[in-house]
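Encoded as structure tokens, the structure appears first; notes follow it.
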Amino acid sequence: MSTLEQQFAQYLQHRMPDAKNIEVTLTGQIFGGASRQTYRLKVSWSANGVEQQRGMILRREAESGLIDTEGETEFRAFEAIHGKGIPVPEALYLENDSHWLGRPFIVTSEITKSRASNPMTDDPYGVVREKVGEQFFDYLGKLATFDPEELGLTRILEPVTPERCWEVELKKWETVINQFPTPEPIAQTAIRWLRANPPRPPEQVRVVHGDFRTGNVMATKEGEITAVLDWEMAHIGDPLEDLAWAIDPMWGYKQPNRVGGMIPRNEALRIYQSRSGVAIDHTDLAWWEMFSHVKGLAIWGSAAKEFQLGNNNDPIMLVAGLAPFTTHEHILAKKLLTQREARGAH
């Protein structure tokens, strides 16, 4: 066994003291994310004379990630949401002691016979795109019905009043952008506009996934969504924040008439509104869409910064700091020009 396999086997023995003959096989590393190191494992053991086997996913903190996130947030979100109508992996182990694997990690069940599609491809879902899209926005709408207090997530997620949702999130990403080595005039201009034109507060604060998009859902080849992943940016806030991020042109820029390469925008909004009960005010949604582009620049710029400083040499950090950054910057610049022209017309 490799060092990682041996260390994880020792950890499982610690967590399952009655298990015997624990064997761990690393079946592959899952790339595509930059805030965690993700591994697919096959685990076998015997208990009470019965041989058992299970697939597990190990998510270990990276030495330096794309953004600062908490593995515990993702784990607790899985715990809270599993079995409540949105498919997520089963949360198995949360370990904050770096003694075992060098850094904190979480372990979940493995989702099989499914894959996450790349939103940067020409047609990420093919002939099942509409089937996936209908489920995607139905699940997103369902999430907007979840009360964070009833789920027990207020124990780990920072509370926020409806009036401060926009302000808290804008300040968070503005702080990230202000730490870049060079000024970002387009992003900073957008931030000034966002602060001067705040959205109305939501009727109720809800659980916000924070990165609900194509690429973070797994689906079978038949188009059944089997898991919504990457809850590490989950927080309490305005549900329109998630909707705006999900329909961002970034996730379907090769198919501009289909959000995320799945379904038309109007259909996505209809499904979401019907499922969530959230009355979509298009002025407020437009604010959150502008915010999404700023958030995107903060994320992609952080990737470039970490790669440039040599803190993280994962090639995805370089890619994220180039193409997605440029795409979001162009989208944002165009919207700012439209706003300026609208003011000039009046």
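Gln204 passes every criterion in (1) more than 22 Å from Val88 (Cα to Cα); (2) in contact with a strand residue (DSSP E or B) (Cβ under 8 Å, 6 or more places away or on another chain); (3) surrounded by fewer than 20 Cβ atoms within 10 Å (Cβ to Cβ) apart from (2).
For every residue, the table says whether it meets (1) touching a helix residue (DSSP H, G or I) at 6+ places or on another chain (Cβ under 9 Å); (2) farther than 23 Å from Lys172 by Cα; (3) not assigned by TED's automatic domain parsing to the domain that holds Pro201.
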| residue | (1), (2), (3) |
| --- | --- |
| Ile280 | yes, yes, no |
| Gly310 | no, yes, no |
| Asp314 | yes, yes, no |
| Ala320 | yes, no, no |
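Residue count for the range 212-247 satisfying the condition of being crowded, with 21+ Cβ neighbours inside 10 Å, in a loop (DSSP other than H, G, I, E, B), of a type in the set (Asp, Glu) and modelled with pLDDT of 95 or more: 1. If a residue must be within 17 Å of the chain's Cα centre (by Cα) and over 23 Å from Ile247 (Cα atoms), how many such residues does the range 154-177 contain? Result for the range 154-177: 1.
For the range 287-322, filtering for residues that are at pLDDT below 95 and either β-branched (Val, Ile, Thr) or over 26 Å from Glu61 (Cβ atoms) (or both) leaves 3. Of all residues in the range 35-53, those satisfying the criterion of being farther than 11 Å from Val24 by Cβ and either outside the structural domain of Asp97 (by TED's automatic domain parsing) or among the aliphatic types (A, V, I, L, M) (or both) are Ala47, Val50. Yes or no: the range 36-45 includes at least one residue that is among the small types (Gly, Ala, Ser), more than 27 Å from Trp231 (Cβ to Cβ) and at pLDDT 95 or above. So far as the range 36-45 goes, yes, one or more of its residues are among the small types (Gly, Ala, Ser), more than 27 Å from Trp231 (Cβ to Cβ) and at pLDDT 95 or above.
Results for (1) over 24 Å from His82 (Cβ atoms); (2) under 20 Å from the mean Cα position of the chain (by Cα), shown as yes or no for each residue.
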residue	(1), (2)
Thr220	no, yes
Ile225	no, yes
Glu232	no, yes
Asp242	no, yes
Gln255	yes, no
Gly261	yes, yes
Asn266	yes, no
Ile271	no, no
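Does at least one position in the range 137-144 carry a residue that is at negative phi, touching a His at 6+ places or on another chain (Cβ under 7 Å) and either buried (at least 17 other Cβ atoms within 10 Å of the Cβ) or at pLDDT 95 or above (or both)? Within the range 137-144, one or more residues are at negative phi, touching a His at 6+ places or on another chain (Cβ under 7 Å) and either buried (at least 17 other Cβ atoms within 10 Å of the Cβ) or at pLDDT 95 or above (or both).
For Pro199, the requirement of being closer than 23 Å to Pro249 by Cβ and crowded, with 16+ Cβ neighbours inside 10 Å is met. Quick check on my filter: what residues within the range 158-201 are closer than 23 Å to Lys142 by Cβ, in contact with a Gly (Cβ under 8 Å, 6 or more places away or on another chain) and of a type outside the set (Val, Ile, Thr)? Passing the criteria: Cys165, Glu169.
Taking the range 282-314 as the range and being more than 16 Å from the chain's Cα centre (by Cα) and among the polar types (S, T, N, Q) as the test, the residues that pass are Thr283, Gln308, Asn311, Asn312, Asn313. Is it true that Thr112 is assigned to a helix (DSSP H, G or I) and not charged (D, E, K, R)? The answer is no for Thr112. When you scan the range 252-264, do you find a residue that is part of a helix (DSSP H, G or I) and crowded, with 16+ Cβ neighbours inside 10 Å, even just one? Taking every residue of the range 252-264 in turn, at least one turns out to be part of a helix (DSSP H, G or I) and crowded, with 16+ Cβ neighbours inside 10 Å.
The rows are residues; the columns are (1) at negative phi; (2) in contact (Cβ under 8 Å) with a residue 40 or more places away in the chain; (3) in the same structural domain as Gly210 (by TED's automatic domain parsing).
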| position | (1), (2), (3) |
| --- | --- |
| Gly55 | yes, yes, no |
| Arg59 | yes, yes, no |
| Gly71 | yes, yes, no |
| His82 | yes, no, no |
| Glu95 | yes, yes, no |
| Leu101 | yes, yes, no |
| Pro124 | yes, yes, yes |
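Out of everything in the range 286-332 that is hydroxyl-bearing (Ser, Thr, Tyr) and touching a residue at least 40 places away in the same chain (Cβ under 8 Å), what residue ends up being nearest to Gln179 (Cα to Cα)? Steps first, please.
The initial filter retains those residues of the range 286-332 that are hydroxyl-bearing (Ser, Thr, Tyr), namely 292, 302, 326-327.
Restricting the remaining residues to those that are touching a residue at least 40 places away in the same chain (Cβ under 8 Å) gives 292, 302, 327.
Numbers: Ser292: 19, Ser302: 9, Thr327: 21 Å.
So the residue we want is Ser302.
The values are calculated or read from the model by the stated rules, or taken from the named source; none is laboratory data. No experiment lies behind these values; they were computed from the predicted model shown. With ideal geometry, Cβ positions are generated from the backbone for all residues, glycine too; neighbour counts draw on all protein chains shown.
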